[in-house]
Structure formats: C-alpha cells, structure tokens
Amino acid sequence: MPHHPRPKALFVVGTRPDAIKTAPVVLEFRRYPEAVETVLVSTGQHREMLAQALGAFGLKADEDLEVMRHGQTLAQVTSRVLEGLDETFERHRPDVVFAQGDTTTTFVAGLASFYRRLPFAHIEAGLRTDTVWDPFPEEYNRRAVGLFAAQNFAPTVWAADNLRREGVPGASIWVTGNTGIDAVRAIAGQPGDPWFPSHTGRVVLLTTHRRENWGEPQQRIAEAVLRIVNDHPDLLLVVPMHLNPNVRATLEGVLDGHDRIRLIDPPDYADFVRLMERSHLILTDSGGVQEEAPSFGRPVLVLRETTERPEGVTAGTAKLVGTDGEAICLEAGRLLDDPTAYAEMANAVSPYGDGRAAARVRFACLRGLGVETPEEAMWA
Ligand code: UD1
Ligand code: UDP
C-alpha cells in the first residue's frame, strides 16, 4: 500500500538519453497530479547535455546531485550517485523509483532502490547482446536492474521475450514501445532555424561516443568518413561532438579544417531532431539515434560490432557495419550511389513504437499502485 495520500513516483535521470527517454513519462504522469505525485531527480552524471535535453521538454530537475567531474571514472560516478540517491530516497520515501535504459545512473538508481527495498520500474527493459562485456558497461547495467525490477517496460516484443527467457515474471513485463519515439514525435515539427540552407547537396550526419569506440576504432571511423566526403563532392558532413574530451580529440585530429565538414557542439534536442531530418544518411554508434532516425525515413549505419537493438536491422532501417574503415566506406558508398539500395532502407518501417509508450507506462504503473487512470484504447 502507498505510504502517501497519493503515491509518489520518483524519476531518476543523469545522462542525455535518460532525460530524453524519461521526459515523456514524467510529462504523462504530470497530466494526473491528483492521482500521483511526481519528483524528478538528476544525478548530474551529465551537466550541460542533461540540462539541454530536459529543457527541450520544458522540464528542470527538482533536485540535482551534481556528480559530474571531467575525467570521472565509472566507480567515482557509481559511488557518488549511490550515496546521493540513498539520501534522496530516505527523504522522499517514494512508492516507485523509475529509471531508463542502461547508464550508470540507471544501474545505481536500481541498486539504491534494491538496498531500500523500493519497487523499481525500468523503462526500456530487456535489451540484450550476447555478452555482458559489450556494450561496456551498459550491458551489465541493464542486466543488473533486470534481476529485481518490479515493473519492466519493454519497448518491443523481442525485448520482453529476453526477459521471459531469463525468468522475469510475466506479470511484471509490459510491451509499451520505446518512449524515445514519444520524445521525437513531441519535438519534431517545432519551428526553428533550418540547417545549412545554402548547401544544395546532401548532408551526412555522424555521431560517435561509445566507450568501446574510444581510440583506434574512432580513428578508423573518422578516417573512413573523411574518405567518403572526399569521394562525394556534394556532401556536407556534420559531426555534433559529445562533450567528452576523449571523443573530441580524435574527431578533431582527423576531421578539423575540411571545407565540407562541420564539427559542432552538441545541438539541443529540438535542433538535433531537425538535423536528423535534414540529413540524407546517418552514421552513428548511438542507441537513441538508431531508434529515432527511422521516424524520418533516414537510413542508419551502426558503427558498432554488436547491437542490443536488432529489431531495426531486421526491419531494414539500420545496418550493423562495425568500425572497419573499408566496411564503412563500402556500405556508405552503396547508400550514397545506389538509389535502389537507399530507397529500400529509407522506406523500411520503424519497429520502435507508435509514440504512445509513455501513456502505457503511466497506465500500467499506476494500476500496479492501485490507482486507475484512463486507458485511452492505447493497447490496440
Ligand atoms: C554516458 C553513458 C552512456 C551513454 C552516454 C550518452 C555510462 C557509463 N555511460 O557516457 O551509456 O550512451 O552517456 O551520452 O553511464 N561531459 C561534459 N558535459 C556533459 C556531459 C559529459 O563535459 O554534459 C564530459 C565530462 O568530461 C564527463 C565525460 O563527458 O566526464 C564523460 O561522461 P560520462 O557520463 O562519464 O560518460 P559518457 O561517455 O557520456
Ligand atoms: N542527441 C542530441 N544532441 C546531440 C546528439 C544526440 O540531442 O548532439 C540526442 C539524440 O536525438 C538521442 C539522444 O540524444 O535522443 C542519444 O544520446 P546519446 O547518443 O548521447 O546516447 P545513447 O542513446 O547512445 O545512449
């Protein structure tokens, strides 16, 4: 039974994707203030990029642990967040704690909930690769919270099946779609500056930040995209660089100074969504970007050796190319030079949801807490 007159849901975010994928759920809960109290806590694992992402939804954290330090190690983030959240949970005594995906913030929000025996609700549950080491440390993070989550909101049937295979009770699993699709739909179409209005050729977008790709793989990625740009005189390559100094040094080392390459600071979410729309082709190692790009019919080449999102590959919206330079040039060249190959990917249908995931999460979670809210025929 809830301890409060109305149940209290505490949402924990820390990184850019946490903010973007959690925001639609927070906003959905806040449509029902008489039914549930909603608290948004930031660990501050990211600073500027988190504020930027929340700002796109008109949100600001109610509390911020401000843990970010430059050059922070995983253990440092983990221990600072664990202590901070434990104190936060003590004060708030929430009836349910939410976190999304697979970041350190998510793992620690789970661990702190477990230690206090608080029900933990996992948004974007059930994604898996076949090794706990890749992606590192994200695969461990999401598996760990899957051991005890009271509610698992799986974006797809595939993700829900992964959980069932691991023995997660079926009654705790809901297939909702990915809340990132709710986010991108809420933001797409907002007015804003057009990107590169005077460029008449095609725009190619590159983002890369994953730990597995730091160093040599990222160097190979950068050298490959440089070749692609040099081989296609109409292309403009745009590279929004993650604020991590490791990532920026490699990209700048190879790509800086080219007249058809723009190395830019991370645009805020609304601008980034417009940039995806403006792009002809997207090369990325990001999880969220590979889910969002098909919403605009943009083919995605995934610059990773494994993916926990095989649904896009199966649907034909994304192709897993890895980080070998030859493979990247070959696959990008095919899409840039062969209109049939391009159309096949551009017209494939996104498997990640219909934009109503947050409402499903709200309905299922609150029902679990004994509060009925409208169902709105959302499961059809
Ligand atoms: C984290 C997540 C990763 C996610 C990514 C999304 C973990 C272990 N990793 O990786 O799963 O894909 O976020 O972007 O949780 N920085 C800033 N300002 C910011 C954000 C970052 O300066 O607003 C710099 C800082 O120097 C910071 C560094 O980036 O130390 C790395 O940040 P961190 O959160 O540790 O790892 P990410 O690589 O961002
Ligand atoms: N994004 C953004 N600005 C950028 C790059 C990405 O707003 O410069 C958004 C993107 O649309 C997606 C999310 O950030 O919703 C993905 O974050 P990131 O790639 O950092 O993390 P991942 O999804 O790989 O964990």
If you place +1 on the Cβ of every Lys and Arg and -1 on the Cβ of every Asp and Glu, how big does the dipole about the Cα centre of the range 73-203 come out, in debye to the nearest 20? 180 debye
Across the chain, where is the longest run that never hits chymotrypsin sites (Phe, Trp or Tyr not before Pro) in a DSSP loop with at most 16 other C-beta atoms within 10 Å? 215-378
Compute the angle between helix 325-337 and the longest alpha-carbon principal axis of the chain, please, reported from 0 to 90 degrees and rounded to the nearest 10. 80 degrees
FRET efficiency for Arg6 and Asp62, Cβ-Cβ distance as r, R0 = 22 Å, nearest 0.05? 0.85
If each of Tyr342 and Leu226 carries a label point 7 Å out from its Cα toward its Cβ, how far apart are those two points in nm? 2.5 nm
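Arrange the peptides 82-88, 356-362 so that the one whose residues have, on average, the most other Cβ atoms within 10 Å appears first.
In decreasing order of mean packing, 82-88, 356-362 become 356-362, 82-88.
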Label-point separation in nm, Asn244 to Trp214, each point 7 Å along Cα→Cβ: 0.6 nm
Kirkwood Rh, Cα atoms: Rg over Rh of the range 1-84: 1.02
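Using 0.36 nm per residue, how much length does the chain from Asp256 to Arg30 gain when fully extended, once their Cα-Cα distance is taken away?
76.9 nm
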Determine, from the Cβ-Cβ distance of Tyr115 and Glu326 and an R0 of 41 Å, the FRET efficiency 1/(1 + (r/R0)^6), rounded to the nearest 0.05. 0.25
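Report the extension gain between Glu90 and Val132 in nm, rounded to one decimal, defined as 0.36 nm multiplied by the number of residues separating them, less their alpha carbon distance.
Residue separation times 0.36 nm, minus the Cα-Cα distance, leaves 12.0 nm.
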Tell me which residues come under 5 Å, amide H to amide H, from Glu37 once H is placed; ignore anything under 5 positions away on its chain. Lys8, Ala9
Given Cβ charges of +1 for Lys and Arg and -1 for Asp and Glu, the option among His209, Ala99, Ala19 whose Cα lies farthest towards the positive end of the dipole of the chain is Ala99
Label point 7 Å beyond Cα of Asp265 along Cβ direction - residues of the range 35-74 with amide nitrogen under 15 Å: 47-53
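Where nothing but the Cβ of Lys and Arg (+1) and of Asp and Glu (-1) is charged, how large is the charge dipole of the range 1-140 around its Cα centre, in debye to the nearest 20?
In debye, rounded to 20, the range 1-140 gives about 320.
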To the nearest 20 debye, what charge dipole does the chain have about its Cα centre, counting +1 at the Cβ of each Lys and Arg and -1 at the Cβ of each Asp and Glu? 760 debye
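We did not get these values from a lab; they are worked out from the coordinates using the rules stated. This is a predicted model, so every value here is computed, not measured. We place every Cβ from the backbone using ideal geometry, glycine too, and count neighbours over all the protein chains shown.
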